[in-house]
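Okay, structure first, notes after.
The values are calculated or read from the model by the stated rules, or taken from the named source; none is laboratory data. Just so we're clear, the structure is a prediction, and the values are computed from it rather than from any experiment. Cβ placement follows ideal geometry from the backbone for every residue including glycine, while neighbour counts extend to all protein chains displayed. We work out accessible area using only protein heavy atoms, side chains counted, and drop any ligands, DNA or RNA first. Shrake-Rupley method; radii C 1.70, N 1.55, O 1.52, S 1.80 Å.
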Amino acid sequence: METITRTEEMLLLAACRLGDAAYGADIRAEIEAVTGRRYSVGGVYVPLDRLVRKGLLETEEGAPTAKRRGRPRRRYRVTSAGFA
């Protein structure tokens, strides 16, 4: 099993806590609320992408919205390896 950083661990736990509402911005808000620290967008999305590559998270794209100028939202879901 690969080791993960403390930030990756926090993101994984936040995604687990949020369940089906685990979108990147919501995960960022969750860890900021819990830790009291501010995280940059890159400070969240880069480790989220690493967790996906490690097989601990998987992503699903939602439908594009006008509010996001046609860009879809990505939802993160903890895999069975992520729970282990």
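Per-structure values
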quantity	calculated
Condition broken by R75, with the remaining ones in (1) in a helix (DSSP H, G or I); (2) open to solvent by 50 Å² or more (accessible area, probe 1.4 Å); (3) of a type outside the set (A, V, I, L, M, F, W, C) satisfied	(1)
Exclusive hit being in a helix (DSSP H, G or I), surrounded by 14 or more Cβ atoms within 10 Å (Cβ to Cβ) and either at positive phi or touching a residue at least 60 places away in the same chain (Cβ under 8 Å) (or both), set L12, L51	L12
Selection status of A25, open to solvent by less than 50 Å² (accessible area, probe 1.4 Å), small (G, A, S) and part of a helix (DSSP H, G or I)	no
